[in-house]
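Visitor: Take a look at the following structure, please.
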Amino acid sequence: MATIEVLSPGIQTTIQDYPGRIGYLASGYYPAGPMDHYAFRLANALLGNTSEAAALEITLGKIGLRFSDETDIAVTGAPTEVTIDGAPVAHSAVVTVPAGGELRIGNASDVGFRVNLAISGGIDVEPVLGSRATYTMGRLGGVDGRALRKGDLLPIGSETGGKRFALNAAQPEYRHDWILDVTLGPQATPEYLDEQDLEALFAEPWHVDRNANRTGIRLEARRLKWSRTTGGIAGGHPSNVLDHGYPLGGVNLNGDTPVILAPDGPTAGGFVVVAVVRHASLWKLGQLRPGTDTVRLNLISIEEAQARGEALDRSLSESLKGIS
């Protein structure tokens, strides 16, 4: 079987698939899957892989891999230098690694935070609960539920898509100031938040805290007024509520600190959820730079959120043209 040897694993590289582990929220498992679902799906699409093929998510780049057999690959996501045996190759394009070839992905440059590497045929690790995605909080999926380590051998799947594609349109822009489309969460009501709090929540940009990862994107803390003085039976702070389910992309308030729940987040907890990041913007969570970038929460209707999500998915296929 063809394999990939991990020479240098980078800061955090995990095996993921899309849409991840669906249907297990009630059992305590968030879906996992890629932080930037758009770039991840694009990498697989360029290779003609099935949409659920497992690939690598690489935080900030800086990874080295050796391929046992000749293999087509595609790198997408944050801009970075990609080399094969020391020679530069194209980003966001299908390239071939020769048998025994060494692929190196450098540090992500000024914008963006995660890089995706898809392999023709996908990475053939054993599925767990219907998905190969690494769920770091639950320690399952991928390789023993953890980030890759030096010396790991990853099996490559034998079923390739055959047809290859190239980009035919511009891709989403990576930047330092981001806009996230959100709809209101269940606790965005006068019972919990003061009217001025709601206005501030959506009117001003928030700095991304250094403590941001696959579990959650922490934003800067701000003093909020709140409509009540305590959480009652749920706890002392007014952000406390009795434990309830958390949606993927939920913006909860831990005290006065907003946290956007990412793919490895907790399925339930005791803090208010004031907004939910929608599908068309969820991919941006994967490219937010901790300690550097800002986000503004853009409140839209559920109908508009659905329309923008459908448009984003259409743009994925419309941005490709066949090359083989």
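All of the numbers you see were taken from the coordinates with simple rules; none came from a lab. Predicted, not measured: the structure shown is a model, and the values here were computed from it. For neighbour counting, all protein chains shown are included, and Cβ atoms are generated from backbone atoms with ideal geometry for every residue, glycine included.
Visitor: Report the Rg/Rh value for segment 177-314, based on alpha-carbon coordinates and the Kirkwood definition of Rh.
Guide: On the way: Rg = 14.3 Å, Rh = 15.0 Å.
Taking Rg over the Kirkwood Rh, I get 0.95.
Visitor: Next question. Calculate, for Glu204 and Leu299, the FRET efficiency according to 1/(1 + (r/R0)^6) with r their C-beta to C-beta distance and R0 22 Å; round to the nearest 0.05.
Guide: Efficiency for this residue pair is about 0.95.
Visitor: Kindly provide the GluC sites (Glu not before Pro) of segment 99-194 that DSSP labels as loop, not H, G, I, E or B, and whose Cβ sees at most 16 other Cβ atoms within 10 Å.
Guide: In loop regions of segment 99-194 (DSSP not H, G, I, E or B), the sparsely surrounded GluC sites (Glu not before Pro) are Glu159, Glu173, Glu191.
Visitor: So, one more: Based on the Kirkwood radius over alpha-carbon pairs, what is the Stokes-Einstein translational diffusion coefficient of the chain at 4 °C with 1.567 mPa s viscosity, in µm²/s?
Guide: Value of D from the Cα-based Kirkwood radius: 64 µm²/s.
Visitor: Using a Gaussian network model of the chain whose springs link C-alpha atoms within less than 10 Å, name the residue from Ser301, Ser68, Ser281 with the highest mean-square fluctuation.
Guide: Top of the fluctuation ranking is Ser301.
Visitor: In terms of Cα to Cα distance under 18 Å, which aspartates and glutamates are near enough to Lys150, apart from those fewer than 8 places away along the same chain?
Guide: Counting by Cα, and skipping residues close in sequence, Lys150 has these aspartates and glutamates nearby: Glu5, Glu57, Glu102.
Visitor: List Phe40, Phe202, Phe67 from most exposed to least, where exposure is judged by having the fewest other Cβ atoms within 10 Å. Before the final figure, lay out each step's value.
Guide: Details: Phe40 28, Phe202 15, Phe67 23.
Placing the least packed residue first, the sequence is Phe202, Phe67, Phe40.
Visitor: Follow-up. GNM, the chain, Cα, under 10 Å: largest mean-square fluctuation among Ser27, Ser51, Ser227?
Guide: Top of the fluctuation ranking is Ser27.
Visitor: With axes computed from alpha carbons, what is the tilt in degrees of helix 37-46 against the longest principal axis of the chain, rounded to the nearest 10 within 0 to 90?
Guide: In the chain, helix 37-46 runs at an angle near 20 degrees to the longest axis.
Visitor: Moving to a separate point now. Mind checking the dipole of the chain: about its Cα centre, +1 per Lys or Arg Cβ, -1 per Asp or Glu Cβ, Debye to the nearest 20?
Guide: Here the size comes out at about 380 debye.
Visitor: A further question on this structure: If Lys and Arg each add +1 and Asp and Glu each add -1, what is the summed charge of the other residues whose beta carbon sits under 13 Å from the beta carbon of Ser301? Walk me through the numbers before you get to the answer.
Guide: Numbers: positive: Arg278, Arg308; negative: Asp181, Glu303, Glu304.
Around Ser301, the charge tally is -1.
Visitor: With r defined as the distance between the Cβ atoms of Asn211 and Arg175 and R0 fixed at 25 Å, what FRET efficiency is calculated, to the nearest 0.05?
Guide: E between Asn211 and Arg175, to the nearest 0.05, is 0.70.
Visitor: I'd like the FRET efficiency for Gln196 and Glu310, computed as 1/(1 + (r/R0)^6) with the beta carbon distance as r and R0 of 35 Å, rounded to 0.05.
Guide: 0.50
Visitor: Right, here's the next one. Using the basic label-point model (7 angstrom from Cα toward the beta carbon), what is the Thr229 to Leu7 distance in nanometres?
Guide: 6.5 nm
Visitor: Turning to a different aspect of this structure: Using only DSSP helix segments of four residues or longer, with each worth -39500 (n - 2.57), what per-residue ellipticity at 222 nm results for the chain after dividing by its residue count and rounding to 500?
Guide: -3500 deg cm²/dmol
Visitor: Where Rh is the Kirkwood radius over the Cα pairs of segment 84-192, the temperature 4 °C and the viscosity 1.567 mPa s, what D in µm²/s does Stokes-Einstein return?
Guide: Rounded, D is 71 µm²/s.
Visitor: Subtracting the Cα-Cα distance from 0.36 nm times the residue separation, let me have the gained length for Thr50 to His237 in nm, one decimal.
Guide: Length difference between fully extended and current span is 62.6 nm.
Visitor: Once you put a point 7 Å from the Cα of Ala166 and another 7 Å from the Cα of Ala268, both along the Cβ direction, what distance in nm separates them?
Guide: About 5.3 nm, to one decimal.
Visitor: Now for a different question. Measure out, as a whole number of angstrom, how far apart the alpha-carbon centroids of segment 26-60 and segment 211-255 sit.
Guide: Using only Cα atoms to place each centre, the spacing works out to 28 Å.
Visitor: Charges at C-beta only: +1 for Lys and Arg, -1 for Asp and Glu. How large is the resulting dipole of segment 3-167 about its Cα centre, in Debye rounded to 20?
Guide: 360 debye
Visitor: Using the Cα atoms as the points, what is the convex hull volume per residue of segment 3-167 in Å³?
Guide: Output value, Cα hull per residue: 99 Å³.
Visitor: Given springs between every Cα pair under 10 Å in a Gaussian network model of the chain, which of Ala188, Ala78, Ala170 has the largest fluctuation?
Guide: Ala170
Visitor: Work through the residues other than Met1 whose Cβ is under 12 Å from its Cβ and net out their charges, Lys, Arg +1 and Asp, Glu -1.
Guide: Every neighbour counted, the sum reads -2.
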